[in-house]
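For reference, the structure is listed below as structure tokens.
Just so you know, all these numbers are worked out from the coordinates, no wet-lab data involved. None of these values were measured; they are calculated from a predicted model. Cβ placement follows ideal geometry from the backbone for every residue including glycine, while neighbour counts extend to all protein chains displayed.
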């Protein structure tokens, strides 16, 4: 569909054309992240407001080429009234999160205030826009969920996804690249289902992220900041939720054999596993789950000797592999599909922590010498 291609190209060229000016302004106004903290991997001042153009590119590409009702008359399966209903609440939510993220990038926002805003946005998307998970398609033996469980669970899923995307933004090109892979996967899936607005939304985000990666891939000239990661998170929540909620009887033969919940989790495998892992470790250590540390998967890969580019390419490959694996799993055996996909994803992610680093080898050798 030409609208999908135009949305992608609009977002892409806006970001590429405008980003040099944004970088210049950010440096002039000193809107940069300074090195110095032990957790920080960069060694020079880097602007932190790249999310401005991720937000702008996604919104422009999506709204400028939003399909008219004539596309519905030509055979598209989406309902234009439903699409417009969801569109207004999505854009409102994106604006709220964008300004929250921008404020956090510039002067900081307390975790309690962030959570309060996320609860408001979650309520807008779930209760007002009715963008929620209603059916697990047999996964864990669950089909239709009672409305009150569906509402509460969907708000929880929204908060998890947004925070998971935010937490993986620790290496040049990582969050942007994972978001790009997710966007392309969602765009393909919704294109196959002939749901043009959602395919366009995914394509717009993908175009903005591809343009951003031109400036964010190592060595990064700009970071996305929270204004960017929150934009990615809310869009991916909407796309993942709508994928799971899509009627099975309207799926084309090409993707009817794929378990929708398993595929949605596969697309988000890296941020979800990384977030669950670090939250678990921080909790058992008696620390706040939101406290910062260097226990992320990308930190481990760096400690094993990979550079920034090798680390992100490794995680891109990991994400793509898990997505392809999910497409190969049978929809009529969702629990088996989940166990295989989830087991492989977890084994690969956790397996690297059994590979000793150079420092660990030296420490083990030193202990052995002292014992001898």
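Against the chain, whose longest principal axis is taken from its Cα atoms, helix 225-245 shows a tilt of about 50°. Dividing the alpha-carbon radius of gyration of region 132-263 by the rule-of-thumb value 2.2 N^0.38 Å gives 1.12. Per-residue ellipticity at 222 nm, computed for the chain from helices alone with -39500 (n - 2.57) per DSSP H run of at least four residues, works out to -23000 deg cm²/dmol. In region 76-154, the C-alpha radius of gyration followed by the widest Cα-Cα span (Dmax) gives 15.7, 46 angstrom. Projected label points at residue 84 and residue 314, each 7 Å from Cα along the beta carbon direction, are separated by 5.1 nanometres. Put simply, when 194-207, 100-113, 165-178 are sorted by average Cβ atoms within 10 angstrom per residue, most first, you get 194-207, 165-178, 100-113.
In region 217-341, the inverse of the mean reciprocal separation of distinct Cα atoms equals 16.8 Å; this is its Kirkwood hydrodynamic radius. For the Cα atoms of the chain, what angle does the longest principal axis make with the long axis of helix 2-28, in degrees from 0 to 90, nearest 10? Roughly 40 degrees, rounded to the nearest 10. If a spin label sat at a point 7 angstrom from the Cα of residue 156 along the line to its beta carbon, the backbone N atoms of region 95-130 nearer than 20 Å would be those of 115-128, 130. Between 0 and 90 degrees, rounded to the nearest ten: what's the tilt of helix 51-64 against the longest Cα principal axis of the chain? Computed tilt is about 10 degrees.
From most to least packed by mean Cβ count within 10 Å, the peptides 120-131, 208-219 give 208-219, 120-131. Scattering from the C-alpha atoms of region 286-342 alone, worked out with Debye: what is log10 I(q)/I(0) at q = 0.14, 0.25, 0.27 1/Å? These q points yield log10 I(q)/I(0) values of -0.61, -0.90, -0.96.
Each principal axis of the Cα atoms in region 2-371 has its own extent, and those three values, largest first, are 77, 53, 35 angstrom.
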